[in-house]
Amino acid sequence: NTARDTSGDQGPVMLELPGGMFEMGSPAHSLNFDERPQHSVEVKPFAIGRFEVTFADYRRFAAAAETNEAGDAGWGHADRPVINVSWDDAQAYAAWLSRQTGETYRLPTEAEWEYAARAGTSDDYWWGITMKTDAANCWGCGTALGEQTLPVGSFTANPWGLADTAGNVAEWVADCYHPTYSDAPADGSAWIDPGCTERVVRGGSWNGTAEAARVTKRMALAADAQRDFVGFRLVREID
């Protein structure tokens, strides 16, 4: 189901996903140790942005909050994903949108992000085991791209309708970064350590490799970091 909150200020287009169980992370033979151990996670139903939050979305917040607009690196605004926003900026946007709409918006947990990006699949990419031509905006992804962001939805969406979960911009999630999944939550909740300074970023980006666009790929960034290859999408909680 697709929904968009329009009370107060128009929110991003959201997709309502069913809850379910999935295997999170990479198997034991993987050399990507921070994606191990692979573990079963049960996720409750939630709604998630079909697209990454765009400059047009973020500009309304910046104007209302009288805060600085994010820089676009000279690539253009409108329907490109917002970049140069920190984890803290994303949190502020989610809080503002929640106040505007009366709904609860937040960053996805790492488990919710991977569950949504996998869309019921189990390979390195939602379409299969290897990168394919014209599937994502990243460096070395079989396209002539990999030079800057593109408008959201420029490539085929995954089976659940989410666009750009591989490539374009990497995305902030709620969790603190941990070097492995040992003792990670099994209920889809965010893994938070009070006072942590590094947060998780998921998904590939325009300047990342094909390997970095794998559905299990994760990295750490300081919560106040602003990068031209990192944006975010939001979750809306479902009662």
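The values are calculated or read from the model by the stated rules, or taken from the named source; none is laboratory data. Everything numeric here is computed off the predicted structure, so don't read it as measured data. Quick reminder, even Gly has a Cβ in these numbers, built from the backbone with ideal geometry, and neighbours come from all protein chains shown. Areas reflect the complete protein model, heavy atoms only, side chains present, ligands, DNA and RNA absent. Shrake-Rupley method; radii C 1.70, N 1.55, O 1.52, S 1.80 Å.
Taking every DSSP beta bridge that has both residues in the chain, what percent is antiparallel when rounded to the nearest 5? Don't skip to the answer; put the middle values down first.
Working: 26 of 28 bridges.
Roughly 95 percent of the beta bridges in the chain run antiparallel, per DSSP.
Our Cα-only numbers for region 103-229 put the radius of gyration and Dmax at 14.4, 43 Å.
Counting every Cα pair in region 181-239, what percent are over 15 Å apart?
Values: 1075 of 1711 pairs.
For region 181-239, the fraction of Cα-Cα distances above 15 Å is 63 percent.
First select every other residue whose beta carbon is under 14 angstrom from the beta carbon of F33; then total the charges, Lys and Arg +1, Asp and Glu -1. Here the charged neighbours net out to +1. What separates the Cα centres of region 25-43 and region 200-239 is a distance of 18 Å.
Under the 0.36 nm per residue contour assumption, what length would be gained going from the current alpha-carbon distance of C196 and E42 to full extension?
On the way: separation 154, 0.36 × 154 = 55.44 nm, distance 2.48 nm.
Full-extension gain reported as 53.0 nm.
Treating each Cα of region 82-162 as an identical point scatterer and ignoring solvent, apply the Debye formula and state log10 I(q)/I(0) at q = 0.13, 0.23 Å⁻¹. Ignoring solvent entirely, the Cα scatterers give -0.58, -1.19.
Hey, if you drop one equal point scatterer on each alpha-carbon of region 144-187 and run the Debye formula without solvent, what base-10 log of I(q)/I(0) do you get at q = 0.23, 0.27, 0.28 Å⁻¹? Those come out to -0.88, -0.99, -1.03, one per q. The residues of the chain have, on average, 42 Å² of accessible surface per residue, using a 1.4 Å probe with all protein chains present.
Sorted by average packing, counted as other Cβ atoms within 10 angstrom per residue and highest first, what order do 19-28, 42-51, 104-113, 205-214 take?
Details: 19-28: 15.5, 42-51: 19.5, 104-113: 23.9, 205-214: 21.7.
Listed from highest to lowest mean packing, they are 104-113, 205-214, 42-51, 19-28.
From the convex hull of the Cα coordinates of region 27-146, what is the mean projected area in square nanometres? Don't skip to the end; give the middle numbers.
Working: hull surface 38.8 nm².
Average of the hull's projected areas for region 27-146 equals 9.7 nm².
In sequence order, region 99-104 has phi-based couplings of 5, 5, 9, x, 9, 9 Hz under the Karplus curve 6.51 cos²θ - 1.76 cosθ + 1.60, θ = phi - 60°, and Gly or Pro positions carry x. Normalised radius of gyration (Cα atoms, divided by 2.2 N^0.38 Å) for the chain: 0.93. Suppose R0 equals 22 Å. What FRET efficiency, 1/(1 + (r/R0)^6) with r the Cβ-Cβ distance, do A92 and A157 give to the nearest 0.05? Efficiency, from the Cβ-Cβ distance: 0.20.
Near F22, within a Cβ-to-Cβ distance under 12 Å, what is the net charge of the other residues, with Lys and Arg +1 and Asp and Glu -1?
Values: positive: R118; negative: E23, E42, E112, E114.
Net charge around F22: -3.
Work from the charge dipole of the chain (Cβ charges, +1 for Lys and Arg, -1 for Asp and Glu, about the Cα centre) and give the residue of G167, A186, F229 farthest towards its positive end. Of G167, A186, F229, it is G167.
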